[in-house]
Amino acid sequence: MIFDTAIIGAGPAGMQAACDLRARELSVIVLDEQPAPGGQIWRGVERNCQPGSELAQRLGAEYRQGAGVARSFRACGADYRPLSRVWQIEETGPDATEQCWQVFVIREGQAEVVEARRVLLAIGAQERPVPFPGWTHPGVMTVGAAQIMLKSGGLLPEGPVWICGAGPLPLLYAHQLRKLGGQIAGFLDTAPRDTVRRGLPHLSGALRDWKSLAKGLAWQAGLRAAGLRRETGVRQLRAEGKDRLERIRWETPEGEKTAPAGVLLIHEGLVPSVHPTLSLQCEHTWSDAQQSLRPVLDAWGETTRRGLFVAGDAAGIDGARAALAKGTLAAVGIARSLDVLSEAKAKQARAAGDRALSKARATRPLLDTLYPAPEGKISDDVIVCRCEELTAGQIRAAAGRGSADPNRVKSETRAGMGPCQGRQCGYTVARLIAEAHDMPRAEVGFHNIRPPLKPVSVGELASLGKAKA
Amino acid sequence: MRAGADLIVIGGGLHGLSAALQSARRGLRVVLLEGAFTGRHASGATAAGVRSLARAVEELPLSLEAQAQWEDMTALVGDDCGFHAVGQVQVAMDAEAKARIKARIARLKAAGMHHESWIDPDRLAELVPVMQPGALGAAYVALDGSADPHRTIRAFRAACLEADVEILENRPVTWLGREETHWTVVAGGTSHVAPTIVNAAGAWGRQIARLAGDLLNVGIKNSMMIVTERCEPCLGPVVSAQNRKLSFKQTADGTFLIGGGVQGRLRPDGDSASVDFGALSGAMSTTLALFPWVADLRLVRAWAGMEAATADLLPVIGPSARAPGLIHAFGFSGHGFQLVPSVGRVIADLAETGRTRTDLSAFDPGRLATNRKAA
Ligand SMILES: Cc1cc2nc3c(=O)[nH]c(=O)nc-3n(C[C@H](O)[C@H](O)[C@H](O)COP(=O)(O)OP(=O)(O)OC[C@H]3O[C@@H](n4cnc5c(N)ncnc54)[C@H](O)[C@@H]3O)c2cc1C
């Protein structure tokens, strides 16, 4: 069967788009790695929100909202395939009469190909990797990973944790952790200190969404009221220890400080998941505000490759509410491109979607300004590529030896050739190249992405041939 | 406009680098023009098998010369390029394959070449204990092996710079013109002049030949490779199989490389190749029949590399008959990695003196000439 649309990702954007497309009676298949709908933000929402669940109360109202969306999604009639890893996406040759995409999936050890006329990537974001001395020590992990543990089984980290970074997520996690009785040793805020000066120009715009602002302020106030140790203007974080994390060290304008530490959670914002669109050679642009790449999209969410759409945080970091709006907009765009929606109706639907999106994005410029990506110099001894164990010094040296082409540096150093395909090191390598050639980061680009997009075993690959035969 | 070069090498793959290096060592002033960066194409995508085993007999003189050069690569480029003489075996999985291998070894012996030998299943099991039993034996060359392609590129590049080769990257050649005794080469906004040019443009060798007015009938191959996660070292020799699409080896860092000439797709732009997973998947059957435990290994990356391929699968090496002062060195048809040091020596001979002691008749560009006039 050829589906009208294959949606990859069952987070807010993917679920919303599925519901909207089904409402227009289009056939939809939704593929997602996770065992249940929800994406990152609403991970485990169906289980965690069963009646009487305490975890759901502690995780907050925004989390509980996901249960309703998941319910509509389950009922919408889309062919939902959980535990399905999408590892390759191809377009049928240009000679084909009607456009068709092939989505390669692994499910229960078996490879198969799903065919669809349109593809929507609603694959969300990943945490921005931030190399610093000692970040590979056991005991150091990201706030996002800790939150996954929380939502997947209510697991709290053992012992008091240090949280270091900037942005809404570390604040939210600290807030959730405190409510669940977790211990926080301290909060190290890496945002530059001149908050008011930087934030002021964006404040009035953000006030359009005063509810979110109020929530953020409440989290902060809560942490303060709890008497939590909080350091601001934190720079030059180091994790130290013999075989695992024992101590952390950091600097503030007042000087160097140190503290014993067992668990350190870090977070420096999110970046869109762009590996699939990069591998499909869609055009991308560099966002200075978010210091990351995003696919170039038209007003309907379509990439520079016809028939391929992107929605949610994969299109730019804007949060869950905006992801719902982007899901709606992409569904309008897809319906229009499949000729089931007249141009006039499509424009009308888009105007409504645009309004919702603009409101959901109201606080974004403020957040982007308050929590910029870290810019401090990465010292030569810091591991940048974890797969191949390459240091910033090695990459700097290779970057300086020839052109500013990330592919050249990749082939010379192997950074980006390991199992993570540069998800961990790609941005850092590009940043070091920009630094070595004294050019704007936006001009450096990203190395070519090789398949597969997700782990596949050789046996699973071989099962593809058997599936076809 | 630059003047003063004796030789311009077009293409910064390993063949271009090797030709440039060995010519510079003879005292020629060499400029190398590379469209992207050194090693961007076949030389970076290669399986880097160093194999005389089962080579066409026409290539063997160059291949055996190269075998000796690989043994002592440090002498040529100051680094061993990660070469290990782990041996190569070509397995016979059925009686017909066995008969063919034995006949080939007999022919080689009759011609005085003793590098290949037949090994029986017991010896094969000793050499490759991690392989399923059942094969009927194999051809074996102990001196063959494999190298690290990126390290090889780095070493050749560094040696070139040391020998004062001027390497210019991001300089795709777009125009060639011959005036009396000199070529003018336009590349990425600059132009360069020299009496002799070398076409080492790999998959684009045909286009470079055409720019010089030499129309050659040469196709393109897009061989695919996959690399797995790392494992404990357990496999010594490189394993291939007679008449099957298989090339299987473990690299020094523990990953397994699986190739064997399964073809990917050329992208519509004609300038890059992509992986065809349907074809790749089918080709896994031979690997899994011999090494079933590989099924559990994680595939880390798959890719396709482009290279020029001729109808007889022999390279194009030698002076162009139509374009004086143009020397071709491309069309290695998927097995040119091993030949890098010896072909570079031949090109340096030709660049320096116009002659070489090596018989190049089987590689004569003239055999591929088409009659159409250049547009
Ligand atoms: C997947 C794969 C596996 C292989 N495995 C083996 C193996 O195991 N053993 C073996 O012996 N061989 C193997 N080979 C073959 C071997 O890798 C090649 O024969 C060899 O690398 C060819 O080198 P080259 O320099 O001729 O070509 P390339 O490395 O392709 O170099 C050509 C260069 O020319 C440049 N160029 C093109 N057009 C222009 C222009 N207009 N101006 C300037 N520059 C230009 C390109 O950018 C490129 O860098 C394999 C090949 C592939 C693709």
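Values for this structure:
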| quantity | calculated |
| --- | --- |
| Which listed pairs, of B:LYS102/B:LYS221; A:LYS211/A:LYS347; B:LYS98/B:LYS245; A:LYS242/A:LYS454; A:LYS179/A:LYS454; A:LYS151/A:LYS326, have C-alpha distances above 27 Å, in listed order | B:LYS102/B:LYS221; A:LYS211/A:LYS347; A:LYS242/A:LYS454; A:LYS179/A:LYS454 |
| Whole-Å semi-axes of segment B:276-356's equivalent ellipsoid (Cα gyration tensor) | 39, 14, 10 |
| Cα-based Rg and Dmax for the protein assembly as shown, where Dmax is the largest Cα-Cα distance (Å) | 29.7, 92 |
| Helix runs (DSSP H) in chain A reaching 27 Å along axis by Cα, Kyte-Doolittle at least 1.0 | none |
| Residue-normalised accessible area of the protein assembly as shown, expressed per residue, 1.4 Å probe, Å² | 40 |
| Kirkwood-based Rg to Rh ratio, segment B:1-64, C-alpha trace | 1.07 |
| Fraction in percent of alpha-carbon pairs per bin - 10 Å, segment B:258-311 | 20, 48, 24, 8 |
| GNM result for chain B, Cα springs below 10 Å: residue of B:ASP144, B:ASP349, B:ASP312 fluctuating most strongly | B:ASP312 |
| Loss of accessible area when B meets A, both sides summed, Å² nearest 100, probe 1.4 Å | 2800 |
| Restricting segment A:1-70 to GluC sites (Glu not before Pro) in coil, as DSSP defines it, with at most 14 other Cβ within 10 Å | A:GLU25 |
| Whole-Hz couplings from phi, Karplus 6.51/-1.76/1.60, listed for segment A:305-311; x for Gly and Pro | 9, 4, x, 10, 10, 10, 9 |
| Considering only chain B, percent of DSSP beta bridges that pair antiparallel, nearest 5 | 70 |
| Under-5 Å amide H pairs with B:ARG171, H placed in peptide plane, nonlocal only | B:GLU34, B:GLY35, B:ALA36 |
| GluC sites (Glu not before Pro) within segment A:235-298, DSSP loop, no more than 10 other Cβ atoms inside 10 Å | A:GLU254 |
| Helix axis angle, B:60-71 relative to chain B longest principal axis, alpha carbon, degrees | 80 |
| Largest-first ellipsoid semi-axes for segment B:1-153, taking √(5λ) over the Cα gyration tensor eigenvalues, angstrom | 37, 17, 13 |
| Amide H contacts under 5 Å for B:PHE330, placed H, 5+ residues apart | B:VAL316 |
| Cα gyration tensor category, rounded, prolate or oblate, for chain B with a/c compared to 1.5 | prolate |
| Size of segment A:129-268 as Cα extents on the principal axes (Å, biggest first) | 49, 38, 29 |
| Note, ³J(HN,Hα) from phi for segment B:37-49, Karplus 6.51, -1.76, 1.60, rounded to Hz, x at Gly and Pro | 9, 4, x, 5, 9, 3, 5, x, 8, 5, 7, 6, x |
| Surface accessible to a 1.4 Å probe, B:CYS234 within the full protein complex, Å² | 50 |
| 10 °C / 1.306 mPa s Stokes-Einstein diffusion coefficient of segment A:383-443, Kirkwood radius on C-alpha pairs, µm²/s | 144 |
| Distance histogram for segment A:32-102 (every C-alpha pair counted, 5 angstrom bins, percent rounded to whole numbers) | 3, 15, 19, 17, 13, 11, 7, 6, 4, 3, 2, 0 |
| Relative contact order of segment B:236-355, defined on C-alpha pairs under 8 angstrom at six or more residues apart (%) | 14 |
| GNM flexibility winner over chain B from B:ALA19, B:ALA279, B:ALA295 (Cα, springs under 10 Å) | B:ALA295 |
| Nearest 10 degrees, 0 to 90: helix B:95-110 Cα axis against chain B principal axis | 50 |
| Over chain A: helical MRE at 222 nm, DSSP H runs n ≥ 4 each giving -39500 (n - 2.57), nearest 500 | -11500 deg cm²/dmol |
| Share antiparallel - DSSP beta bridges, chain A, percent rounded to 5 | 50 |
| Average beta-carbon neighbours from other chains, 10 Å sphere, peptide B:221-233 | 2 |
| Average Cα contact separation per residue, chain A, under 8 Å, 6 or more apart, as relative contact order % | 17 |
| For segment A:129-268, share of DSSP beta bridges that run antiparallel, in % to the nearest 5 | 40 |
| Sites matching trypsin sites (Lys or Arg not before Pro) across segment A:1-84 that sit in DSSP coil, with at most 16 neighbouring C-beta atoms within 10 Å | A:ARG24 |
| Percent carbon-and-sulfur accessible area, the protein assembly as shown, ignoring ligands, DNA and RNA, probe 1.4 Å | 51 |
| Distant-in-sequence amide H partners of A:GLN88 (H built 1.01 Å from N, under 5 Å) | A:PHE104, A:LEU453 |
| Residue-wise HN-Hα coupling along segment B:26-35, computed from phi with Karplus coefficients 6.51, -1.76, 1.60 (Hz; x: Gly, Pro) | 8, x, 7, 8, 10, 10, 10, 10, 10, x |
| D (Stokes-Einstein, µm²/s), Kirkwood Cα radius, chain A, 1.306 mPa s at 10 °C | 68 |
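The values are calculated or read from the model by the stated rules, or taken from the named source; none is laboratory data. The model shown is predicted, which means the values in this text are computed figures rather than measured ones. Virtual Cβ from ideal backbone geometry, glycine too; neighbours counted across all protein chains shown. Heads up: the accessible areas ignore ligands, DNA and RNA and are worked out on the full protein's heavy atoms, side chains in. Shrake-Rupley method; radii C 1.70, N 1.55, O 1.52, S 1.80 Å.
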